[in-house]
Amino acid sequence: MANTDSKTPENADLSPEHLDPEQIRFRKEKRQRLLDGGTEAYPVSVPRTHSLADVHAAHDGLEAGEETEDIVGVIGRVVFVRTTGKLCFVTLQAGDGTRLQGMLSLREVGQDRLDDFKSDVDLGDFLFLHGKVIKSKRGELSVLADSWQMASKAIRPLPGLHTELAEDTRVRQRYLDLITREQARKTMLTRAKVMTSLRRTFAEQDFVEIETPMLQTMHGGASARPFTTHMNAYDIDMYLRIAPELFLKRAVVGGIENVFEINRNFRNEGADSTHSPEFAMLESYQSFGDYHSIADLTKTLIQNAAQDATGSLVVTLEDGSEYDFGGDWAVVSMYESLSAESGVEVTPETGLDVLDKIAADNDVDLSGVFRSHGKYVEELWEHFYQDRLWAPTFVTDFPVDTSPLVREHRTKKGVVEKWDLYVRGFELATGYSELVDPIIQRERFEAQAADAARGDDEAMGLDEEFLMAMEHGMPPTGGMGMGLDRLLMALTGLGIRETILFPFTKPLAASQEDTAQEG
């Protein structure tokens with residue numbers, strides 16, 4: 001049978017919506033033919049001796065036309081195949097993108113196995129080659145095979161390797177993205193290096209990594225709308241974690257003085273270029289620290305991650321521009337900067353009527369914002385200022401009523417000891433001098449409960465178990481939370497759906513229905 005799929009042009013559109021059912025039928029027939037002939041289409045193992053990278057590391061220095069007596073057994077995914085004449089060529093690709101050419105000749109493998117290769121092997125298959133390492137006359141490092149074996153038969157064809165996948169296909173079928181696009185592989189490897197770097201820095205600072213529950217009876221630790229679920233065993237409603245804060249603080253009460261967690265959080269809110277309903281978060285708490293010491297730690301974590309992942313504090317972004325994480329990072333007061341930009345002095349005592357007028361004069365729509373001083377101040381500040389914060393900048397002096405878990409400022413009335421770190425125009429991390437007085441914390445929770453009763457769906461509930469822990473005594477503490485997907489955005493210049501390996505996507509049927517309606 002002719003190898004129909006192998007002759008498909010590399011720039012053919014093989015995205016799922018354009019698949020040719022005939023190609024899948026051909027591949028299924030080949031699979032069955034292998035099985036009927038007593039050949040495994042999916043063997044348990046193959047006798048691999050070297051990775052493709054190993055072969056390159058040992059033999060890249062060969063001259064064109066040079067042959068060795070080194071025998072290797074290699075495996076990779078077929079990304080190119082040419083099956084004409086007495087000499088066939090195949091290109092294998094490893095998971096890291098490394099490629100190696102295979103050469104199959106009539107003299108080395110014999111007529112029967114050469115014919116089998118021509119009829120059975122398709123793009124996308126995993127193929128095992130055994131033979132000696134040579135450099136072809138054209139200078140291509142190769143394995144001159146004396147035998148070959150199917151390692152895993154692909155039933156569906158690959159997309160064209162030189163055709164850019166649509167974004168929706170990339171995120172829905174990330175495995176295709178990883179196979180066909182070098183940037184996708186590079187991004188995921190960068191993420192792995194960042195995670196390793198963060199853990200190394202924490203270890204050097206004597207922090208302990210722990211895990212906290214994802215299913216919680218009370219949602220808290222952040223102002224966000226939770227996902228709800230139900231536990232049948234206890235017949236109670238539960239929430240997916242919006243933040244690990246309240247449990248990490250229990251650990252601090254218990255004597256784990258420096259603690260951190262790399263975790264998954266879930267917030268039932270918008271999904272856009274900087275937000276995902278499920279995301280990775282880093283939170284850490286430093287006993288006997290405050291928001292100054294935790295800012296220093298955060299800067300060290302980010303700079304070490306940039307250095308370890310990219311080799312420099314000046315990183316090259318996706319668009320080719322550079323971004324500098326070095327030097328001193330600016331500090332901006334929220335109230336002072338809002339006053340400067342609006343032309344009206346805004347303080348923690350400013351009334352809602354004044355804030356309403358500022359909004360009206362500057363075409364800021366506050367209709368969907370919960371009516372409180374703090375919510376209005378933060379909304380107005382974002383309108384005027386946040387897009388200007390391109391260089392790393394700590395924004396300080398947040399309103400008390402939007403920061404229920406934070407200590408009031410030691411010298412400035414009406415604000416808390418909190419900062420938000422902005423990088424490239426978006427919020428990357430937030431840090432606090434933690435509120436450790438259980439009496440004030442209870443009052444703050446009660447105020448939050450009142451706001452919830454008035455319609456604030458982001459307000460926290462009153463968590464008696466957390467308060468019980470605090471009442472046993474919590475040391476002065478600095479705390480920090482940082483979005484890890486956003487850290488990758490900051491280091492690469494990519495959108496959030498590119499930095500998450502498997503981002504949430506709307507179910508395909510619903511997405512297609514939306515597209516049809518838009519049409």
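The values are calculated or read from the model by the stated rules, or taken from the named source; none is laboratory data. Keep in mind that what you see is a predicted model, and the values were worked out from it rather than measured. As a convention, Cβ positions derive from the backbone with ideal geometry for all residues, glycine included, and neighbour counts pool all protein chains shown. In case anyone asks, the SASA skips ligands and DNA or RNA and just uses the protein heavy atoms, side chains included. Shrake-Rupley method; radii C 1.70, N 1.55, O 1.52, S 1.80 Å.
Give the carbon-plus-sulfur fraction of the accessible surface of the stretch 355-396 in %, rounded to a whole number; probe 1.4 Å, heavy atoms of protein chains only.
Carbon and sulfur together cover 45 percent of it.
What's the extension gain from S367 to I71 if we count 0.36 nm per residue and subtract their Cα-Cα distance?
Result for the pair: 99.3 nm of gain on full extension.
Mind checking the dipole of the chain: about its Cα centre, +1 per Lys or Arg Cβ, -1 per Asp or Glu Cβ, Debye to the nearest 20?
2260
For the stretch 431-448, in order, what is each residue's ³J(HN,Hα) by Karplus, 6.51 cos²θ - 1.76 cosθ + 1.60 with θ = phi - 60°, in whole Hz (x at glycine and Pro)?
x, 9, 8, 6, 6, 10, 7, x, 5, 5, 4, 4, 4, 5, 4, 5, 5, 5
Only bridges with both residues in the chain count here: give the DSSP antiparallel percent, nearest 5.
Here the share of antiparallel DSSP bridges comes out near 90 percent.
Between A58 and L35, take the C-beta separation as r, use R0 = 60 Å, and let me know the FRET efficiency to the nearest 0.05.
Calculated value: 0.95.
Using helices alone, what [θ] at 222 nm do you get for the chain, with -39,500 (n - 2.57) per DSSP H run of 4 or more residues, divided over all residues and rounded to the nearest 500?
Helices in the chain give a 222 nm mean residue ellipticity of -10500 deg cm²/dmol.
What does the highest-first list of 176-182, 206-212, 257-263 look like by mean Cβ count within 10 Å?
Listed from highest to lowest mean packing, they are 257-263, 176-182, 206-212.
What does DSSP give for the stretch 312-464 in terms of the percent of beta bridges that are antiparallel, rounded to the nearest 5?
Rounded to the nearest five, the antiparallel share is 80 percent.
Expressed as a whole percentage, what fraction of the accessible surface of the stretch 175-223 belongs to carbon and sulfur atoms when a 1.4 Å probe is rolled over the protein heavy atoms?
54
Can you list the residues of the stretch 298-330 with backbone N under 19 Å from a point 7 Å past the Cα of R388, pointing along Cα to Cβ?
Only 329-330 fall inside the zone, counting backbone N under 19 Å.
Loop only per DSSP, at most 15 neighbouring Cβ atoms within 10 Å: give me the trypsin sites (Lys or Arg not before Pro) in the stretch 432-475, ordered by residue number.
Filter output for the stretch 432-475: R454.
To the nearest 10 degrees, how steeply does helix 106-120 sit against the main Cα axis of the chain, on a 0 to 90 scale?
60
Under a straight-distance cross-link criterion of Cα-Cα below 16 Å, which lysines are reachable from K418, leaving out those fewer than 8 residues away in the same chain?
List returned: K299, K375.
Please report how far the C-alpha centroid of the stretch 382-454 lies from that of the stretch 175-245, rounded to the nearest whole angstrom.
Measuring centre to centre over Cα atoms gives 22 Å.
Tell me, what is the per residue accessible area of the chain in Å², probe radius 1.4 Å?
Here the residues of the chain average 47 Å² of exposed surface.
Can you tell me the orientation of helix 508-518 relative to the chain, as the angle in degrees between its alpha-carbon axis and the longest Cα principal axis, to the nearest 10?
Helix 508-518 and the main axis of the chain meet at about 70 degrees.
Enumerate the lysines that K153 could reach by cross-link, defined here as Cα to Cα under 27 Å, with residues fewer than 8 away along the same chain left out.
Partners found: K7, K28, K30, K86, K118, K132, K186.
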